[in-house]
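Colleague: Here it is, the structure, as structure tokens.
The values are calculated or read from the model by the stated rules, or taken from the named source; none is laboratory data. This structure is a prediction, so every number in the text was calculated from the model and none was measured. Positions of Cβ are backbone-derived with ideal geometry, glycine not excepted, and every protein chain shown enters the neighbour counts. Side chains included, ligands, DNA and RNA excluded: accessible areas come from the protein's heavy atoms. Shrake-Rupley method; radii C 1.70, N 1.55, O 1.52, S 1.80 Å.
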Amino acid sequence: DAGVTQSPTHLIKTRGQQVTLRCSPKSGHDTVSWYQQALGQGPQFIFQYYEEEERQRGNFPDRFSGHQFPNYSSELNVNALLLGDSALYLCASSLERFSYEQYFGPGTRLTVT
Amino acid sequence: GNSVTQMEGPVTLSEEAFLTINCTYTATGYPSLFWYVQYPGEGLQLLLKATKADDKGSNKGFEATYRKETTSFHLEKGSVQVSDSAVYFCALRHTQGGSEKLVFGKGTKLTVNP
């Protein structure tokens, strides 16, 4: 049973560029949440997707956007990258009716220079 | 709003020592509470959970009891091992608009020396 997978593992971008991160949920899960974990901090909720729609959003600017596909996989897009966007981006999947029981992927380490 | 406060780290212990990592929360009502663990270079793994007051979550020798009177969920282990070295996060379940998210503390780094 495959767990949550994320790609790429690491990424280096320049300020002003755009980036797309990808996530495949655990088999059978239909809900995907994204979190940003800055160095030395706890994860901060970005948004959650279910049935291809954004259901809830944290305190992040519109530069952060996402998408969920019919197979439940998801993408996180960040435009106009800032140095402060450097972080570990975590994807978590769950079943909609138990969306608080979230299973996390290993994350994508984004470095903005 | 809902929030979680953890004791500041890092915490350094010798093998077989007793571990306590304090966690308190602020929330409306009585949310489910969780402890997650993050090993170096990895994502978060659910360690244990408690869904109502006085519940005790336990896993791999770790325990935490949901105390509504003190709004706390302290993590304990009687005898730590070197392999327990990791960062530990306390979290609560927050429900809004029909969907749910996790609110995390800042994490406590534990190092266990042989």
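Colleague: Could you check segment A:49-73 and list, in sequence order, the residues that are open to solvent by less than 70 Å² (accessible area, probe 1.4 Å), polar (S, T, N, Q) and either part of a strand (DSSP E or B) or within 14 Å of chain B (Cβ to nearest Cβ) (or both)?
Modeller: Within segment A:49-73, A:GLN56, A:SER65, A:GLN68 meet the criteria.
Colleague: Could I ask something else about it? Please find, among B:THR51, B:THR111, the residue that is without any contact (Cβ under 8 Å) to a residue 40 or more places away in the chain and of a type outside the set (A, V, I, L, M).
Modeller: Matching residue, one of B:THR51, B:THR111: B:THR51.
Colleague: Additional query: Considering A:THR14, A:THR31, which residue is open to solvent by less than 60 Å² (accessible area, probe 1.4 Å) and either away from chain B (no Cβ under 11 Å) or modelled with pLDDT under 95 (or both)?
Modeller: A:THR31
Colleague: Checking the condition more than 10 Å from chain B (Cβ to nearest Cβ) and either open to solvent by less than 40 Å² (accessible area, probe 1.4 Å) or on the phi > 0 side of the Ramachandran plot (or both), which residue from A:LEU39, A:LEU82, A:LEU95, A:LEU76 passes?
Modeller: A:LEU76
Colleague: Also: Do we find that A:LEU21 is within 13 Å of the chain's Cα centre (by Cα), open to solvent by less than 20 Å² (accessible area, probe 1.4 Å) and farther than 21 Å from B:ARG93 by Cα in this structure?
Modeller: So A:LEU21 passes the test.
Colleague: Shifting gears a bit: Pick from B:THR20, B:THR65, B:THR28, B:THR51: which is hydroxyl-bearing (Ser, Thr, Tyr) and within 13 Å of chain A (Cβ to nearest Cβ)?
Modeller: B:THR51
Colleague: Taking the conditions exactly as written (of a type in the set (Val, Ile, Thr), open to solvent by less than 80 Å² (accessible area, probe 1.4 Å) and either within 14 Å of chain A (Cβ to nearest Cβ) or touching an Asp or Glu at 6+ places or on another chain (Cβ under 9 Å) (or both)), does B:VAL11 satisfy them or not?
Modeller: In short, no.
Colleague: So, in segment B:47-101, of the ones that are of a type in the set (Val, Ile, Thr) and within 11 Å of the chain's Cα centre (by Cα), which residue ends up surrounded by the most Cβ atoms within 10 Å (Cβ to Cβ)?
Modeller: Among them, the one singled out is B:VAL87.
Colleague: Residues being open to solvent by 10 Å² or more (accessible area, probe 1.4 Å), aliphatic (A, V, I, L, M) and under 12 Å from B:ASP84 (Cβ atoms): count how many of those fall in segment B:14-46.
Modeller: 1
Colleague: Being in a strand (DSSP E or B), out of contact with any Phe, Trp or Tyr (no Cβ under 9 Å at 6 or more places or on another chain) and free of Cβ contacts under 8 Å to residues at least 24 places away in the same chain: is that true of B:GLU69 here?
Modeller: no
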